[in-house]
Every structure is written in structure tokens, then in C-alpha cells.
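Student: Please read through the structure below; I'll follow up with questions.
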Amino acid sequence: MVTGLALLTFTLASLTGFTQSADSTQGLTTVSGSVGLTNNGFSIIPTFSLNSPAVIMNFYWRKKRFSFDPDIRLVPDASKGGFIFWFRYRLIEQKKFSLRIGVHPAFTLVRRTITENGISSELTETLRFAAAEVVPNYQITPNWSIGAVYLHGSGLQKWGPQNTDVFFLNSSISAIRLGSGFGLNLIPMVYLMYVDSHQGSYFSATAIVAKKGIPFSLQSTINQTFTSNIPGNQHFMWNVMVSYNFSKTFKQVP
């Protein structure tokens, strides 16, 4: 469930939105991504965690209004983690307002204890999920946006969570100058989550520090529970991550 019930990007792209007009991306293909190392691998629903150091890899391939966004999160021995394959389409892409929809299959690696002949052992099993998202975003100023996300996920096996619904309200404040070429992005959000017959409410915030011209960034996320009866919920969590970021845009040859 750590990454199978994930949102993109509750990736950063989901929070900041896209502010280009539809015509500005015609004939362009963009390939970008990031590879990060963290002390605690969060899901993109931050209340779920791998509770272990992890490698976080996000990749984005975009042409016109369509994008394919794989999200991979794994602990060092690959015993826990997940693979999410987002297919996204931008229904509306204006200067101020954007609306994106997306679907994904996901495969989540979890540790499960089984007992045979009185002997207990732990093994890795794969959970399968299908999910969909709706993401509106409004750009108030060039460096400040507000948005929302609705995510629904369905389990494709008989055990484990069957239905998950998450409602996010978020904001993104970017390009806060820190001096010496460094900038700070802040992404606060509140969200409600329903997992089968359980529910919870949360506050989360991410801070990202980067320097123009350098492909590395440093970010940290906190997640605070307001109320929750979801099994395994942790009242407070935090992490820190170092990422390598890259981006390349190709112009289509007529």
C-alpha cells in the first residue's frame, strides 16, 4: 500500500500544476526526471512510508498534452517498495488554470509473515492496484499556485486494502530567494483519506532547496496526523532526501 495507493508526483508536478498555454507545447517532447536517496521512503500519499532508507526515482515523458510518468520507490534490498506507471492527459492548460486527469496500474512490494507447520517466515509479496486522479490547479502569481487532487485506488486482490479515496488541498510557493543563488520551494497541504471503513485527516509540508545551474536539490517532508483510525498510522513522520534532477526538451522535426 505504501506506493500502490500513490498519487503523482503527488509528485511535485501535481502540486505546482502546468501553466503553459496549449499552443506552447505543440511539437515539443520533454524527457525529465529525478533520482533521490532518502532516510525514509515516503509514498506520494505521505502518511504511508517504507520506514527504511530508499531510492526514489521519478521519470516524465511528455508530448503535447499526454505524459507517461513512472514512479519507482525501493529499499536497498528491494524487499519493499513499488512501481507506479502514470498515464496523464491535460484537459485544460491555460495561463492561469489547468486540469489534468490520470490513471495508473501499480505494483507494491510488501513484507508478509506466513506460518507453515508452526514455523513463521517473512516473504515479499506483490499487491496490484489500479487508480485514477483528477487534478485542478490555479496559478495566482508566477510563483504561487493553489490546487486540489482527488485520487481513487482499487485493490486487485482479495486481501489488503480494497478501496482508497484521498482528497488533497495544496499550495506551492516557489523561487523564494535565500541568497548565493539558492532558492526555496514550499509545498504545504492538508488531506483527507478513506481506506475501506477507516479514515484519517493530515497536514503535510515539503521544503525543497536548490541552486540555479546545479542539478542537485535537497528536500524534506513532514507529515502530521490530525485524527486517524487507519491501521498502522504513525502520528508524525519526517524525511530528508538528496536528488539529482535532469530535463531535456526536443523539438519535433516537421
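Student: Got at least one residue in segment 41-50 being surrounded by 14 or more Cβ atoms within 10 Å (Cβ to Cβ), under 30 Å from Glu125 (Cβ atoms), in contact with a His (Cβ under 6 Å, 6 or more places away or on another chain) and at pLDDT 90 or above?
Tutor: No.
Student: Looking at segment 195-254, which of the residues that are of a type in the set (A, V, I, L, M, F, W, C) and not in a strand (DSSP E or B) is surrounded by the fewest Cβ atoms within 10 Å (Cβ to Cβ)?
Tutor: Checking each candidate, the answer is Val253.
Student: Look through segment 156-194, keep the residues that are surrounded by 14 or more Cβ atoms within 10 Å (Cβ to Cβ) and among the hydroxyl-bearing types (Ser, Thr, Tyr), and return whichever of them is nearest to Phe107 (Cα to Cα).
Tutor: Filtering first and then ranking leaves Thr164.
Student: Taking segment 55-104 as the search range and keeping residues that are of a type in the set (Lys, Arg) and within 21 Å of Gly153 (Cβ to Cβ), which one is surrounded by the most Cβ atoms within 10 Å (Cβ to Cβ)?
Tutor: Looking at residues that are of a type in the set (Lys, Arg) and within 21 Å of Gly153 (Cβ to Cβ), I get Arg73.
Student: Filter segment 159-191 down to the residues that are assigned to a loop (DSSP other than H, G, I, E, B) and out of contact with any Gly (no Cβ under 7 Å at 6 or more places or on another chain), then identify the one that is farthest from Thr47 (Cα to Cα).
Tutor: In this case the residue turns out to be Ser180.
Student: Still on this structure, I have one more. Exactly one of (1) in contact with a Phe, Trp or Tyr (Cβ under 9 Å, 6 or more places away or on another chain); (2) under 22 Å from Gly102 (Cβ atoms); (3) not in a loop (DSSP other than H, G, I, E, B) is unmet by His152. Its number?
Tutor: (1)
Student: For the subset of segment 118-155 comprising residues that are surrounded by 14 or more Cβ atoms within 10 Å (Cβ to Cβ) and of a type in the set (Ser, Thr, Tyr), which member is farthest from Lys80 (Cα to Cα)?
Tutor: Checking each candidate, the answer is Tyr138.
The values are calculated or read from the model by the stated rules, or taken from the named source; none is laboratory data. If you're wondering where the values come from, they're calculated on a predicted model, not measured in any experiment. Cβ sites come from the backbone with ideal geometry, for glycine too, and all protein chains shown count toward neighbours.
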